[in-house]
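> Handing you this structure, nothing more for now.
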Amino acid sequence: MSAPAAPAPLAHLPNALTVFRLALIPVFVGVLISAEGGRSWPAAVLFGVAGMSDQLDGWLARRWRVESAFGRVADPLADRLMIDAAVFLLVLVHHRLPWPALALVLARDVLLVGGYKLVMPRGYELSVNFLGKAATWVLYAALAFIMVTHAGTEWPLWIFWSGLGLALGAGAVYALSARRAVRR
């Protein structure tokens, strides 16, 4: 059974949502920077809107099979940049997360981007897997919870570390998949 065709005016909606998420990053950063102690419902709402729009654009792209080359690269990049911005601010500005959180998140993302640049010219196409999507969802939720709870609340940190573990696992799966594809 094939997917329904996207109505012409809506065919570019997944890419527009990705651009929206990219444009939301500086707004989110401004709101979170100004939050006293890193606790901000407005920042968490903006962050949640980004997470929900990520899910919506992914669903639309799959439903209508309209994902472009732009979307395949920009969609996960928008997630990485939003999550990295939140972690960066929650570590360095508000001290709500420990520095290893930032080191692990940035190391994973640098390795993924660098690795992608190496294997893409050899014909590897990035495809997001379930583990990567689950990790992104858990990280979005955990970081939003951190933004709305008081400093010292531990349960959002456990969710964060679980999400980061999933993200590192997803990174390993991507690396193995790319290695196999390039060796063929």
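> Looking at the structure I just gave you, is Ala78 among the aliphatic types (A, V, I, L, M), in a helix (DSSP H, G or I) and within 23 Å of Gly30 (Cβ to Cβ)?
Spelling it out, Ala78 is indeed among the aliphatic types (A, V, I, L, M), in a helix (DSSP H, G or I) and within 23 Å of Gly30 (Cβ to Cβ).
> Quick one: which of Leu46, Leu92, Leu32, Leu24 is of a type outside the set (S, T, N, Q), at pLDDT 95 or above and open to solvent by less than 10 Å² (accessible area, probe 1.4 Å)?
Leu32
> Moving on to the next point. Only one of these is surrounded by 14 or more Cβ atoms within 10 Å (Cβ to Cβ) and among the hydrophobic types (A, V, I, L, M, F, W, C): Val110, Val128. Name it.
Criteria check complete, one pass: Val128.
Conditions tested, residue by residue: (1) in contact with a Pro (Cβ under 8 Å, 6 or more places away or on another chain); (2) loosely packed, with under 14 Cβ neighbours inside 10 Å; (3) not in a helix (DSSP H, G or I).
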position: Gly51; (1), (2), (3): no, no, no
position: Gly58; (1), (2), (3): yes, no, no
position: Ala74; (1), (2), (3): no, no, no
position: Gly114; (1), (2), (3): no, yes, no
position: Ala141; (1), (2), (3): no, no, no
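The values are calculated or read from the model by the stated rules, or taken from the named source; none is laboratory data. It should be emphasised that the depicted structure is a prediction, and the values quoted were computed from it without experimental measurement. Cβ sites come from the backbone with ideal geometry, for glycine too, and all protein chains shown count toward neighbours. Accessible surface areas use protein heavy atoms only, side chains included; no ligands, DNA or RNA. Shrake-Rupley method; radii C 1.70, N 1.55, O 1.52, S 1.80 Å.
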